[in-house]
1. Work out, step by step, the length gained on full extension between residue 77 and residue 121: first 0.36 nm times the residue separation, then minus their alpha carbon distance; give nm to one decimal.
2. In what sequence do 87, 93 fall when counting other Cβ within 10 Å, fewest first?
3. Provide 126, 111 in ascending order of the number of other Cβ atoms located within 10 Å of each residue's Cβ, fewest first.
4. State, as an integer percentage, the relative contact order of the range 83-167 based on alpha-carbon contacts under 8 Å between residues 6 or more apart.
């Protein structure tokens, strides 16, 4: 989540620098020089090149640079690709014959978790598969990956199952008990 904000900030800074450098050039006066031409071209900021020639590395290089007439700024960063890592781990586990573990790695992604639920084959959980894992997810909705479209539904079902009267709280009784308990605390 914070990576997205970082990229937005870098893009914003880049646009601001470009705006000021272009604006200065747009408002420049035109003078005629008779015999001498002076080259006042500023040096350019070059972004570092981040080369990833190995396809077995789950990293992405990002570089950016900004230059105006006064100052230049260049930066580069390497970002981990988590989806690529999960896919490689899953393939390795599957290659070793550990099919349930391979599916479990992929089920950490909410999109895969939703797809498995849609297909009627719930993700494995704590060594449980099939109907037993479906019951585990119903009993532990907090373990469902964040971002799943089913998580709110499972959490709501769990709340209704744990509170009396299907999730309804007796409000007048609650108010009386609250007043009594806070009254005792004040004295």
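All of the numbers you see were taken from the coordinates with simple rules; none came from a lab. The structure displayed is predicted, hence computed values, not measured ones. All Cβ positions, even for glycine, are placed from backbone atoms using ideal geometry, and neighbour counts span all protein chains on display.
1. Gain on extension, residue 77 to residue 121, equals 11.9 nm.
2. Ordered from fewest to most neighbouring Cβ atoms within 10 Å, 87, 93 come out as 87, 93.
3. 126, 111
4. So the answer I get is 19 percent.
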